[in-house]
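Please read the structure below before turning to the comments.
The values are calculated or read from the model by the stated rules, or taken from the named source; none is laboratory data. Computed from a prediction, not measured in an experiment: that's the story for all the values here. Note: ideal-geometry Cβ built from the backbone for every residue, glycine included; neighbour counts use all protein chains shown.
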């Protein structure tokens, strides 16, 4: 199958540090190549892949201090995608709705995985206008704001089975991994650590939009000797960071569409304590891979119960549900269905 993967340009594929969408695109792309498909990746020029790489910009945009207009580079990339679209059996977009108007006017087989939250009111008229666009969700709960969209499947994220090493013995610290932002609630993680007197290591980035929040709300909480900020980390560092943790804290306060960090922890055998929200109940197995909590007191009690969980069971759940092979196979089934549907259309419908 000739497949195009179209990634956002904010991070390289895979990302050097933070970047959930680009990381998933990388895992999917490399697995499709491994399975023998002919894959073309549209991404930033500093991406690393076994697929054919078509670069729309020299380097990923978030860390490029010379880049002012991110959208301009994405428009250039989409133009190149549509110039070459007839070469592909299917084009798989990961850039949200940016391509919808062009895709509607081109006779190509395509599908879009929506990686973000969909409960933002501004999105409703847009997705209603383009409700014919075939889309894929990354959790069932992600769909709820747009139940009438042209959903093709829910495909949970997956990781390479050998990416993270299982560690049978728990570590001595709590881990927080991701972004420091109001919805990720690292302040809750700090409070949990203080309540149970276990060190907390924070591996996270601070986006430009969240710098004031970090300065005014979070920075004053970092004076406690239990709390250590280690900054942004990549896959190599994550293996040690997550694998050597007592538990991962995911104290979110938003409708999380998936939560990649939870399955990264599971792959290491590390249990997760997550606040109920978004896809958490779909990804977590309560009392098996960790605990789902509602309030601070629940989280504190859950942290004390972590030793009762089996780290081996966490890894088993990862292997059963969240490998990249399973993810790629799910996507291939969607590709085949859409390609066959296109071929079955009357000629006048394709014109």
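Examine region 31-52 for a residue that is closer than 25 Å to residue 177 by Cβ, touching a helix residue (DSSP H, G or I) at 6+ places or on another chain (Cβ under 7 Å) and crowded, with 22+ Cβ neighbours inside 10 Å, and state whether such a residue exists. Yes, there is a match, as at least one residue in region 31-52 is closer than 25 Å to residue 177 by Cβ, touching a helix residue (DSSP H, G or I) at 6+ places or on another chain (Cβ under 7 Å) and crowded, with 22+ Cβ neighbours inside 10 Å.
Does residue 273 meet the test of being buried (at least 24 other Cβ atoms within 10 Å of the Cβ), more than 14 Å from the chain's Cα centre (by Cα) and more than 18 Å from residue 158 (Cβ to Cβ)? Spelling it out, residue 273 is indeed buried (at least 24 other Cβ atoms within 10 Å of the Cβ), more than 14 Å from the chain's Cα centre (by Cα) and more than 18 Å from residue 158 (Cβ to Cβ). In region 58-70, the condition of being surrounded by 13 or more Cβ atoms within 10 Å (Cβ to Cβ), in contact with a helix residue (DSSP H, G or I) (Cβ under 6 Å, 6 or more places away or on another chain), modelled with pLDDT under 95 and in a loop (DSSP other than H, G, I, E, B) is met by at least one residue.
Only residues that are over 17 Å from the mean Cα position of the chain (by Cα), in a loop (DSSP other than H, G, I, E, B) and within 19 Å of residue 91 (Cα to Cα): list them for region 101-145, please. Within region 101-145, 105, 106, 107, 108, 109, 130, 131, 132, 133 meet the criteria. Looking at the structure I just gave you, is residue 248 assigned to a helix (DSSP H, G or I) and closer than 25 Å to residue 298 by Cβ? Judged against the criteria, residue 248 is not a match. Looking only at region 303-323, count how many residues are surrounded by 23 or more Cβ atoms within 10 Å (Cβ to Cβ) and closer than 14 Å to residue 249 by Cα. Number of matching residues: 0.
Is it the case that residue 332 is touching a residue at least 24 places away in the same chain (Cβ under 8 Å) and crowded, with 16+ Cβ neighbours inside 10 Å? The answer is yes for residue 332.
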